[in-house]
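K.L.:
Pasting a structure here, questions to come.
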Amino acid sequence: MTMSEQASEKQAARGVGRRPQPGPEVTTVEAAPVEPTTPPAPRGRRPVMTGDRARTLGSRYALLVVWAVMAGIFGVIKPHLFFTVSAGQGIFGSQSALLLLAVAALCTFVVGEFDLSFAGVMGLSATIVPVLAGLHHMNLGLACFLAVLAAVGCGLVNAFFIVRLGVPSLIVTLGTASLFLGIAELISSSNTISVSSTTFTKVAQHHLLGLPLSFFYGLAACIVFAYVLAWTPLGRHVIFVGANREVARLAGINVDRVRAASYVMAGLIAGLAGVLLVASIGGFEASSSSSYLLPALAAVFLGTAIVRPGQFNPMGTLLGIYFLETGIYGLQLLGYSGWVVDAFYGAGLVLAVTAASLIRSRTRTA
């Protein structure tokens, strides 16, 4: 073999002079130009839209504006009578039992129930106290305890028929309201019975900061109720059941227990309202209990138009009570009496329910 042939074989072994083999086709993609990024804005408070904030505050506290206008009108017409300390004491110191009664009604409304018997429960409790303490000379403390215990029993009766047996709440409470009124008239023989005790009277009428203690009882009840609803698991369960029972049941909440407890608590608070009423006025007539139903309902529904629009809430009920009382007190100063109470409470209830319906429908469509 010649030297040229040997060189050719070496080049062939190293692949020199070979024909390139076809390989996989490689596609090149041009990268898109990168846009310069804007550094994130520093963290801080979210901008608040002035219009939305004003609309929210307006829907929550419009009743306060109406209240101020109404008080201003009465004050301009009767400045020497309305803008006085005694007028303030007359407005805020006279409806404490009614405020507790409205809180009792609120116990069932917040869970989506309906109750028309709470005024009858209060009347029964307010009748038992003077009957036992005044006629039968029982210890006054024991008489108050038995009166509240009877009111709790009334709540249990409502809960049994409504929750356990499934009877509509409107029918049951309408019937039990008449039943409790009949029992109260039976044990009192349809007479006004009074009880005389200076110590018992001071429990409600002793003044603190210019107002009777009964006012602070009602205020404390509303504050505690509002705290329970807003800051405790029990309150969240109550609101959840009131919003949608089936969803609450699927979430593991014992819906029937919450519903039954609402009637028992309504009976308890209505019983306390009856005791407070007797301590405030010194006696009670059983047939007058029905006159407390309409004012309490008006305040409860009026409360849904303030603080938390579209929802039953204790602080709204508190303001609703004294809004209505301001109107009645002012009209009485102008010389209107008797019929004006029923007319004002009736008109207030209609307007309150209308406002609640409009606010609730607006909330759902928002």
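The values are calculated or read from the model by the stated rules, or taken from the named source; none is laboratory data. Just so you know, these numbers come straight off a predicted model, no measurement behind them. All Cβ positions, glycine included, derive from the backbone under ideal geometry; neighbour counts span all protein chains shown.
K.L.:
Does any residue of region 320-331 turn out to be part of a helix (DSSP H, G or I) and free of Cβ contacts under 8 Å to residues at least 12 places away in the same chain?
P.N.:
No.
K.L.:
Is there a residue being within 18 Å of residue 99 (Cα to Cα) and under 23 Å from the mean Cα position of the chain (by Cα) anywhere in region 245-263?
P.N.:
Yes, region 245-263 contains at least one residue that is within 18 Å of residue 99 (Cα to Cα) and under 23 Å from the mean Cα position of the chain (by Cα).
K.L.:
So residue 63 passes all but one of these: (1) modelled with pLDDT of 85 or more; (2) buried (at least 19 other Cβ atoms within 10 Å of the Cβ). Which condition number does it fail?
P.N.:
Evaluating residue 63 over (1) modelled with pLDDT of 85 or more; (2) buried (at least 19 other Cβ atoms within 10 Å of the Cβ) leaves (1) as the failure.
K.L.:
Which helices (runs of 4 or more DSSP H) does region 130-221 wholly contain that include 2 or more residues that are within 24 Å of residue 262 (Cα to Cα) and in contact with a helix residue (DSSP H, G or I) (Cβ under 7 Å, 6 or more places away or on another chain)?
P.N.:
140-159, 169-188
K.L.:
Only one of 171, 193, 223 is within 21 Å of residue 269 (Cα to Cα) and among the β-branched types (Val, Ile, Thr). Can you tell me which?
P.N.:
Of 171, 193, 223, the one residue that is within 21 Å of residue 269 (Cα to Cα) and among the β-branched types (Val, Ile, Thr) is 223.
K.L.:
What pairs come out if I take residues in region 343-354 that are free of Cβ contacts under 8 Å to residues at least 40 places away in the same chain and pair them with residues that are of a type outside the set (Ser, Thr, Tyr) whose C-beta lies under 6 Å away, six or more apart or interchain?
P.N.:
Close Cβ pairs satisfying both conditions: 344/327; 344/328.
K.L.:
Moving to a separate point now. Of all residues in region 68-85, how many are in contact with a helix residue (DSSP H, G or I) (Cβ under 6 Å, 6 or more places away or on another chain), more than 16 Å from residue 323 (Cα to Cα) and assigned to a helix (DSSP H, G or I)?
P.N.:
1
K.L.:
Still on this structure, please answer the following. Restricting to region 257-285, give me the number of residues that are under 20 Å from residue 314 (Cβ atoms) and in contact with a Phe, Trp or Tyr (Cβ under 6 Å, 6 or more places away or on another chain).
P.N.:
Here the count works out to 2.
K.L.:
Okay, next question. Mind telling me which of the residues 148, 129 ends up being surrounded by 20 or more Cβ atoms within 10 Å (Cβ to Cβ) and touching a Cys at 6+ places or on another chain (Cβ under 8 Å)?
P.N.:
When all the criteria are applied, what remains is 129.
K.L.:
Taking only region 188-211 into account, find how many residues are crowded, with 16+ Cβ neighbours inside 10 Å and polar (S, T, N, Q).
P.N.:
Within region 188-211, residues that are crowded, with 16+ Cβ neighbours inside 10 Å and polar (S, T, N, Q) number 3.
K.L.:
Looking at this structure, is residue 74 at pLDDT 85 or above and touching a strand residue (DSSP E or B) at 6+ places or on another chain (Cβ under 8 Å)?
P.N.:
Spelling it out, it is not the case that residue 74 is at pLDDT 85 or above and touching a strand residue (DSSP E or B) at 6+ places or on another chain (Cβ under 8 Å).
K.L.:
Follow-up. With the condition kept exactly as written, say whether any residue in region 304-319 is in a helix (DSSP H, G or I), modelled with pLDDT under 85 and surrounded by 24 or more Cβ atoms within 10 Å (Cβ to Cβ).
P.N.:
Checked region 304-319: at least one residue is in a helix (DSSP H, G or I), modelled with pLDDT under 85 and surrounded by 24 or more Cβ atoms within 10 Å (Cβ to Cβ).
K.L.:
Of everything in region 106-124 that's touching a Gly at 6+ places or on another chain (Cβ under 6 Å) and in a loop (DSSP other than H, G, I, E, B), which residue is surrounded by the most Cβ atoms within 10 Å (Cβ to Cβ)?
P.N.:
Restricting to residues being touching a Gly at 6+ places or on another chain (Cβ under 6 Å) and in a loop (DSSP other than H, G, I, E, B), the top hit is 111.
K.L.:
Still on this structure, please answer the following. Any chance region 255-262 includes a residue that's in contact with a helix residue (DSSP H, G or I) (Cβ under 7 Å, 6 or more places away or on another chain), under 30 Å from residue 131 (Cα atoms) and surrounded by 13 or more Cβ atoms within 10 Å (Cβ to Cβ)?
P.N.:
Within region 255-262, one or more residues are in contact with a helix residue (DSSP H, G or I) (Cβ under 7 Å, 6 or more places away or on another chain), under 30 Å from residue 131 (Cα atoms) and surrounded by 13 or more Cβ atoms within 10 Å (Cβ to Cβ).
Yes or no, residue by residue, for (1) assigned to a loop (DSSP other than H, G, I, E, B); (2) over 22 Å from residue 266 (Cβ atoms); (3) in contact with a Ser or Thr (Cβ under 6 Å, 6 or more places away or on another chain); (4) at pLDDT 85 or above:
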{"residue": "295", "(1), (2), (3), (4)": "no, no, no, yes"}
{"residue": "342", "(1), (2), (3), (4)": "no, yes, no, no"}
{"residue": "348", "(1), (2), (3), (4)": "no, no, no, no"}
{"residue": "362", "(1), (2), (3), (4)": "no, yes, no, no"}
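K.L.:
Next question. Pull up region 212-232, narrow it to residues that are surrounded by 13 or more Cβ atoms within 10 Å (Cβ to Cβ) and without any contact (Cβ under 8 Å) to a residue 60 or more places away in the chain, then point me to the one that is farthest from residue 281 (Cα to Cα).
P.N.:
Looking at the filtered set, the residue picked out is 230.
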